[in-house]
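These notes concern the structure reproduced below.
Just so it is clear, none of the values below were taken in a lab; they were calculated from the coordinates. All figures in this text were calculated on a predicted structure; none of them were measured in a lab. Methodologically, a virtual Cβ is constructed for each residue, glycine included, from the backbone with ideal geometry; neighbour enumeration extends over all protein chains shown.
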Amino acid sequence: MPDTQTVQTTVGGLRAVELSFRPTLDIQGGTNIGFISRTHLNTPGLGILMPEVYRPVADSSGLSGELFELELMQLMEAVKGLTESSVIFKWVSIRIPIGVLKDGGSAEQADKMCQKYAVATNEIAFVVPPEVLLDTSEDVVKGISRLRRHGYHMILPDFGDNGCPFLKLSELEVDYAFIAPSVIAQVAQKDRTDKAVEGIIGYIKSMGVEPVADGVKNSTQAETLYGLGCNYCAGPLPGDYIALDEILDRSHN
């Protein structure tokens, strides 16, 4: 990771990167277990860029490490703000690029950032790119394991999506597997489909990983998923991405 003092943190008076957050809920209790973050870029010439636009370019050009450093700094500030406002959460997430994941010093560098902001490592979750299922190289596997040993939560998104190599999950020490919205969209429509989803949930649990249903839109889906063995959900029903300030404002009302 680059030195934070060398990274440009603002663009035209705005933050170069801006995080927003959505909750992950305990279906039965209705409590928030963690926030998934999403980052957009503020650029001087192109305006606001969303992840699907800038991520491929950043990853291929070697800029993802610098962006990650800025995101991590802002994430630490968010965790402190949530804690000071007594918002209920276990962790707040940030996407970690594969290049950073393979970096042998990524865990130690993240530790230094946690120490600087007085944030516990178990309050941070790293979302690994779904491409890791196609790149279970030794560096990737060791990178995930090292971060987990340092106390960070690890999240695998989009599990079960088209072309997902299920067996690769056995090689990755992640805490949560978010089942893809494309799978969850079919829940509570046909018994056979629900059986298939139940099989996915059971397989994830058999690997010692906690399944989270992503893309849940209504209470019928949530109740069905809970009956199929999935305890947590994210998506439109729990809430979409909002700014940190809005979360803090709601906590004060």
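Figures for the structure shown
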| quantity | calculated |
| --- | --- |
| For segment 4-251, share of DSSP beta bridges that run antiparallel, in % to the nearest 5 | 50 |
| Rounded D (µm²/s) - the chain, Kirkwood Rh over Cα pairs, Stokes-Einstein at 37 °C, 0.692 mPa s | 175 |
| Cα-based reach from Lys168 at 20 Å (exclusive), listing lysines while leaving out same-chain residues under 8 positions away | Lys102, Lys142, Lys205 |
| Phi-based couplings in Hz for segment 143-154 (Karplus 6.51, -1.76, 1.60; Gly and Pro marked x) | x, 5, 4, 5, 5, 5, 5, 7, x, 7, 7, 10 |
| Within segment 112-202, trypsin sites (Lys or Arg not before Pro) in DSSP loop having at most 15 other beta-carbon neighbours inside 10 Å | Lys190 |
| Degrees, to the nearest 10: 191-206 long Cα axis against longest axis of the chain | 50 |
| Computed over segment 187-253, Cα set: Rg, Dmax in Å | 14.6, 45 |
| Volume per residue that the Cα convex hull of segment 130-178 spans, once the total is divided by residue count, Å³ | 61 |
| Under Karplus coefficients 6.51, -1.76 and 1.60, residue-wise ³J(HN,Hα) of segment 241-253 in Hz, glycine/proline x | 5, 9, 5, 4, 4, 5, 4, 5, 4, 5, 5, 8, 9 |
| Length released on extending from Ser219 to Ile242, taking residue separation times 0.36 nm less the Cα-Cα span | 6.2 nm |
| Magnitude of the charge dipole, segment 4-251, Cβ model with Lys/Arg +1 and Asp/Glu -1, debye to 20 | 180 |
| Amide proton proximity set for Met154, modelled H, under 5 Å, gap of 5+ | Phe126, Asp175, Tyr176 |
| Tensor-based shape of segment 65-131 (alpha-carbon gyration tensor, a/c under 1.5 rounded, otherwise prolate or oblate) | prolate |
| Alpha carbon centroid spacing (whole Å) that separates segment 96-115 from segment 175-197 | 33 |
